[in-house]
Structure formats: C-alpha cells, structure tokens
Amino acid sequence: ARRPQVVRMRPNEVWQHTFLMISFIALVISGFALRFSESWIAGFFFGWEGGFGLRGTVHRFAAVAFGATVAWHVVYLFTRRGRAFVRDMMPAKQDFRFFWGRILHNLGLGEHAECIQRFSYVEKAEYWALVWGTAVMVVTGLVLWFDNWFIHFLPKGALDVALVVHYWEAWLATLAIAVWHMYSTVFHPHVYPMNPSWITGTM
C-alpha cells in the first residue's frame, strides 16, 4: 500500500499558521465582546466596564493582522511550493471516494480506509471554507469599519445587511473551528492531545 506523503513545512509556512491562529482568536474574542457588551466575555477580557473603546481597538488591530496574514499567504501561493500547495488542495475524484468510504465505515458497513494523499477531504473543505469566509468577513468588515465613507455610495440598508452577514459568518467560522477543526486537530483519537505539525513543521 502507498504511504502518505511526508511534507516538511518551512518556518515561514509555520509562522503563517501561527499568526492566523492568534489573529483569529483575537478577532473572535473582541468581536463577540463588541456584539455582547453586557456579557461575561466583555467583562472578563476587557475589564468590569467592558472597555468598549479597547474592544474596538483590539478588533481592528487583529483585523489588520489577519489581513496581513492573508496577503502573506496570497504571495506565498505564487511561489513554487505555494503552487504545489494549491494543486494538492484542489478537490479530486478520490476525495468523494474517501468521503463515501468514511460514511460506510461510520455506519458499520465498510472497513476503515486511510486517506493516502497530502490533504484529506476534510482539510480541503476547511481550507476553501476559510477562503470563502475570509472574503466575506474582509468585505463586510471594511464596509462596517469605514461606514462613514461607504454611506456615500451605498444605501443604509446595505450597511445593515453587512452587519448581519458579518455577525452570522463570525458565528459560522467560530463554530467551524470550535467543533470541526478542534476535533480534527485535538480531540480525534488518532491525534490527541494535539496534532503537533504546527510546532514541528512536519505533516
């Protein structure tokens, strides 16, 4: 049987993941603290008074850091390793076969089969969901950040829609990380207590 490909990540690739993780966590905490100013999360992280100004500053700073990480990743995609990454991340026919085999296995109707490729269908789905979610959050976030400028070109209803989309996409992204990604990288029996690739650089 073929063995999985072993890839050694370079330091800049590991740093991309680390900055993405830190900025995402900061965005989630500060964003929900802004939305739910009377909740425990606002008081716990930003003082008993909720620190409204501080929450906004942290959220915008984290947004800039997140955007810089995205720009860094886009530049990386044009390198030789980056092009190989995109090629390996593209959906393929075997992904559907692996997906169907996993369903049968979970139902007790088939044998467990390892996904012998660089990225599994789960990782590919997560990556492209991140791409889509990032585009949505960046566009709506910029509209909300510079609302005084955008109001000259967009109707008031567009800003309200941007706020709703930004809020629910934030919930979707947070739950995807907290439930799906955390299980795959931390709580899955094959990787618990965590998948150390983000530290070791080896996949």
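The values are calculated or read from the model by the stated rules, or taken from the named source; none is laboratory data. From a predicted model like this one, the values you see are computed outputs, not experimental measurements. Cβ placement follows ideal geometry from the backbone for every residue including glycine, while neighbour counts extend to all protein chains displayed. Accessible surface is based on the protein model in full, side chains and every heavy atom, while ligands, DNA and RNA are left aside. Shrake-Rupley method; radii C 1.70, N 1.55, O 1.52, S 1.80 Å.
Averaging sequence separations of C-alpha pairs under 8 Å and six or more residues apart, then dividing by the length of the chain, give the relative contact order as a whole percent.
Numbers: 148 pairs, mean separation 49.2, N = 203.
Relative contact order, the chain: 24 percent.
Gain in length, Val186 to Lys93, computed as 0.36 nm per residue apart minus the alpha-carbon separation, to one decimal in nm?
30.7 nm
For region 31-48, list residues with backbone N below 19 Å from a point placed 7 Å from the Cα of Tyr167 toward its Cβ?
Counting backbone N atoms under 19 Å from the label point, the list is 31-43.
Would you please report the Å³ per residue occupied by the convex hull of the alpha carbon atoms in the chain?
170 Å³
Would you mind getting the Kirkwood hydrodynamic radius of region 94-203 from its Cα pairs, rounded to one decimal in Å?
Computed over Cα pairs of region 94-203, the Kirkwood hydrodynamic radius comes out at 16.9 Å.
Kindly express, to the nearest 10 degrees and within the range 0 to 90, the angle between helix 156-175's C-alpha long axis and the longest C-alpha principal axis of the chain.
40 degrees
Based solely on its DSSP helices, what 222 nm [θ] is calculated for the chain when runs of n ≥ 4 H residues each add -39,500 (n - 2.57) and the sum is averaged over all residues, nearest 500 deg cm²/dmol?
-21500 deg cm²/dmol
Once the cut-off is 15 Å, how many percent of the Cα-Cα pairs in region 18-114 end up in the long-distance tail?
Considering region 18-114, 72 percent of its Cα-Cα pairs are separated by more than 15 Å.
Tell me the accessible surface of Thr200 in square angstrom (1.4 angstrom probe, heavy atoms of protein chains only), to the nearest ten.
60 Å²
Quick one: grab Rg to one decimal and Dmax as a whole number for region 83-134, Cα atoms only, in Å.
When restricted to Cα atoms, region 83-134 yields Rg and Dmax of 12.4, 38 Å.
Expressed as a whole percentage, what fraction of the accessible surface of the chain belongs to carbon and sulfur atoms when a 1.4 Å probe is rolled over the protein heavy atoms?
The value for the chain is 72 percent carbon and sulfur by accessible area.
Please calculate how many Å² of accessible area region 105-203 carries per residue, with a 1.4 Å probe and no DNA, RNA or ligand atoms counted.
Here the per-residue accessible area is 67 Å².
Any chance you could look up the accessible area of Phe119 with a 1.4 Å probe, heavy atoms only, rounded to 10 Å²?
Ignoring ligands and nucleic acids, Phe119 comes out at about 10 Å².
According to a simple spin-label model (label point 7 Å from Cα along Cα-to-Cβ), what is the distance in nm between Thr174 and Glu38?
1.8 nm
By how many degrees, 0 to 90 and rounded to 10, does the Cα axis of helix 52-76 deviate from the longest principal axis of the chain?
The angle comes out near 40 degrees.
Once you have the Cα-Cα distance between Phe61 and His152, take 0.36 nm times their residue separation minus that, and quote the gain in nm to one decimal.
30.2 nm
Which angle from 0 to 90°, rounded to the nearest 10, does the C-alpha axis of helix 80-89 make with the longest principal axis of the chain?
Between helix and principal axis, roughly 80 degrees.
Could you give the length gained by full extension between Val74 and Asn195, i.e. 0.36 nm per residue of separation minus their alpha carbon distance, to one decimal place?
41.1 nm
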